[in-house]
Ligand code: GLV
Ligand code: MN
Ligand code: MN
């Protein structure tokens, strides 16, 4: 039997997917309106169980790996050929929004259900993924699950990462019911033929241009540093200013240098942020003896990103010397940018055109699991607009119309790639 592409336009059940996105947001660690869902917490476990039940209900075959990456497969007629993957993450940084990542996971599930309901029969299997800990909140590193899955993580350095309670990734995974076997998470290079991720843009371009579909062509290169200053604590009233080795003031100088490294970069695309600034012991009448900073630096050009990182690191040593404090610099990650694959980019463009939706080619300044999936297989991303370009804040919002459009384009792209004869 000749397998056929679905008829146009696809009929997406927008009420279902939008209701599910809201339902998932109820599983949270903090208090509304901000969503916080940190990996391997009770909220994360509840969200996973809820998603698994939805996938089983849709006839998908589910499994989880040692770090908790979740897979739900719609088995194709040629089950032994490389599958087409789609998906994203459900963890959410502190005080975040409802749509980051979840649109790609629940939109991916909706795309599969849309194809099922259209009567489409996949040749290659189509597999939904929910990656573990795309967000760096707990262990300081982003894309933990996809990094391991693509074989781009050094297991030794992942094992050295500890959360705020000194717990390792393996132990936290074990406590959530996964076996913590990081060595076996990596997939073979012919496991997937293609991977496509649907995501909100997290920036203002699509909304400003009134374009419903962004076709991602590349993903900017992220790096993260963890820098600890260790000085001398003491009584805020009795230690005179001339004898101080205050860890916080050294850190404060560095935080300003981070901002300068972004602002004064020769590249307009360099961004540099101190997102964590944690003095110890944190008492008003005590000189801070320690201060921890976590710093995020990105650029579409790896060279410019590295130049900014080098400037920050060398300033950290300089300020430590000037102030007589110790400094410990740890590079958590320093990743190259990703280029999206032409075959996926073209499939997304053709699918949008079949759905009568206008497209714009874009570079993703945010990172995504696709950054690592691109090292494993042909990868691309579909962006939809979000209100005022806001993300990582409770105000994050995407309209049902844009979500439905993104799901329709994703579904059609998955169908086309499932029928594709390209070798993995
Ligand atoms: C992803 O959440 C990012 O920080 O880009
Ligand atoms: Mn995010
Ligand atoms: Mn995301």
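Take region 377-406 and flag every residue that is under 19 Å from the mean Cα position of the chain (by Cα) and either at positive phi or assigned to a helix (DSSP H, G or I) (or both). Give the steps one after another, and end with the answer.
Kept after step one, since they are under 19 Å from the mean Cα position of the chain (by Cα), are these residues of region 377-406: 377-386, 389-398, 403, 406.
Matches in region 377-406: 389, 392, 403, 406.
So is residue 114 in a strand (DSSP E or B), more than 16 Å from ligand 1 (Cβ to nearest atom) and crowded, with 19+ Cβ neighbours inside 10 Å or not?
Working: in a strand (DSSP E or B): no; more than 16 Å from ligand 1 (Cβ to nearest atom): yes; crowded, with 19+ Cβ neighbours inside 10 Å: yes.
No: the conditions fail for residue 114.
Which numbered condition in (1) surrounded by fewer than 24 Cβ atoms within 10 Å (Cβ to Cβ); (2) part of a helix (DSSP H, G or I) is the only one that residue 424 fails?
(2)
Kindly indicate whether residue 356 is assigned by TED's automatic domain parsing to the domain that holds residue 135, in contact (Cβ under 8 Å) with a residue 12 or more places away in the chain and either part of a strand (DSSP E or B) or surrounded by fewer than 21 Cβ atoms within 10 Å (Cβ to Cβ) (or both).
Working: assigned by TED's automatic domain parsing to the domain that holds residue 135: yes; in contact (Cβ under 8 Å) with a residue 12 or more places away in the chain: yes; either part of a strand (DSSP E or B) or surrounded by fewer than 21 Cβ atoms within 10 Å (Cβ to Cβ) (or both): yes.
Yes: the conditions hold for residue 356.
Listed here are the residues, each with its yes/no results for (1) assigned by TED's automatic domain parsing to the domain that holds residue 142; (2) touching a helix residue (DSSP H, G or I) at 6+ places or on another chain (Cβ under 9 Å); (3) outside any strand (DSSP E or B).
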residue: 279; (1), (2), (3): no, yes, no
residue: 292; (1), (2), (3): no, yes, no
residue: 304; (1), (2), (3): no, no, yes
residue: 307; (1), (2), (3): no, yes, yes
residue: 313; (1), (2), (3): no, no, yes
residue: 316; (1), (2), (3): no, yes, yes
residue: 319; (1), (2), (3): no, yes, yes
residue: 327; (1), (2), (3): no, yes, no
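Would it be correct to say that residue 147 is within 16 Å of ligand 2 (Cβ to nearest atom), at pLDDT 95 or above and either within 30 Å of residue 13 (Cα to Cα) or crowded, with 18+ Cβ neighbours inside 10 Å (or both)? Step through it out loud before you land on a result.
Working: within 16 Å of ligand 2 (Cβ to nearest atom): yes; at pLDDT 95 or above: yes; either within 30 Å of residue 13 (Cα to Cα) or crowded, with 18+ Cβ neighbours inside 10 Å (or both): yes.
Yes; evaluated as a whole, the condition is true for this residue.
Residue under question is residue 67, and the condition is that it be in the same structural domain as residue 382 (by TED's automatic domain parsing), out of contact with any strand residue (DSSP E or B) (no Cβ under 8 Å at 6 or more places or on another chain) and touching a residue at least 12 places away in the same chain (Cβ under 8 Å); does it hold? Break it down into steps so the answer makes sense when it comes.
Working: in the same structural domain as residue 382 (by TED's automatic domain parsing): yes; out of contact with any strand residue (DSSP E or B) (no Cβ under 8 Å at 6 or more places or on another chain): yes; touching a residue at least 12 places away in the same chain (Cβ under 8 Å): yes.
Taking the combined requirement at face value, the residue satisfies it.
Please determine whether any residue of region 165-186 is modelled with pLDDT of 95 or more, closer than 21 Å to residue 407 by Cβ and surrounded by 21 or more Cβ atoms within 10 Å (Cβ to Cβ).
no
When the residues of region 21-52 are narrowed to those that are touching a residue at least 40 places away in the same chain (Cβ under 8 Å) and in a helix (DSSP H, G or I), which ends up farthest from residue 105 (Cα to Cα)?
Looking at residues that are touching a residue at least 40 places away in the same chain (Cβ under 8 Å) and in a helix (DSSP H, G or I), I get 45.
Conditions (1) under 21 Å from the mean Cα position of the chain (by Cα); (2) touching a residue at least 60 places away in the same chain (Cβ under 8 Å); (3) not in a strand (DSSP E or B), marked per residue:
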position: 165; (1), (2), (3): no, no, yes
position: 177; (1), (2), (3): no, yes, yes
position: 186; (1), (2), (3): yes, no, yes
position: 222; (1), (2), (3): yes, yes, no
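Quick check: anything in region 384-397 more than 16 Å from ligand 3 (Cβ to nearest atom), under 27 Å from residue 83 (Cα atoms), surrounded by fewer than 23 Cβ atoms within 10 Å (Cβ to Cβ) and assigned by TED's automatic domain parsing to the domain that holds residue 98?
Taking every residue of region 384-397 in turn, none turns out to be more than 16 Å from ligand 3 (Cβ to nearest atom), under 27 Å from residue 83 (Cα atoms), surrounded by fewer than 23 Cβ atoms within 10 Å (Cβ to Cβ) and assigned by TED's automatic domain parsing to the domain that holds residue 98.
Quick one: would you say residue 202 is assigned by TED's automatic domain parsing to the domain that holds residue 125, touching a residue at least 12 places away in the same chain (Cβ under 8 Å) and loosely packed, with under 14 Cβ neighbours inside 10 Å?
Values: assigned by TED's automatic domain parsing to the domain that holds residue 125: yes; touching a residue at least 12 places away in the same chain (Cβ under 8 Å): yes; loosely packed, with under 14 Cβ neighbours inside 10 Å: no.
Taking the combined requirement at face value, the residue does not satisfy it.
I want to confirm something. Restricting to region 359-377 and keeping residues that are within 13 Å of ligand 1 (Cβ to nearest atom) and closer than 15 Å to residue 195 by Cα, which single residue is surrounded by the most Cβ atoms within 10 Å (Cβ to Cβ)?
Within region 359-377, the subset within 13 Å of ligand 1 (Cβ to nearest atom) is 363-372.
From the residues that got through so far, the ones that are closer than 15 Å to residue 195 by Cα too are 368-372.
Numbers: 368: 28, 369: 32, 370: 27, 371: 29, 372: 28.
The residue in question is 369.
Tally time: how many residues in region 53-108 are away from ligand 2 (no atom under 16 Å from the Cβ) and not in a helix (DSSP H, G or I)?
Restricting attention to region 53-108, the residues satisfying the condition of being away from ligand 2 (no atom under 16 Å from the Cβ) are 53-86, 108.
Among the residues that remain, those that are also not in a helix (DSSP H, G or I) are: 58-86.
Summing the residues that are away from ligand 2 (no atom under 16 Å from the Cβ) and not in a helix (DSSP H, G or I) in region 53-108 gives 29.
So that you can scan it fast, the table gives a plain yes or no per residue for (1) within 14 Å of ligand 3 (Cβ to nearest atom); (2) surrounded by 20 or more Cβ atoms within 10 Å (Cβ to Cβ):
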{"site": "42", "(1), (2)": "no, no"}
{"site": "60", "(1), (2)": "no, yes"}
{"site": "74", "(1), (2)": "no, yes"}
{"site": "131", "(1), (2)": "yes, yes"}
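The values are calculated or read from the model by the stated rules, or taken from the named source; none is laboratory data. Please read all numbers here as calculations on a predicted model, not as lab measurements. Methodologically, a virtual Cβ is constructed for each residue, glycine included, from the backbone with ideal geometry; neighbour enumeration extends over all protein chains shown.
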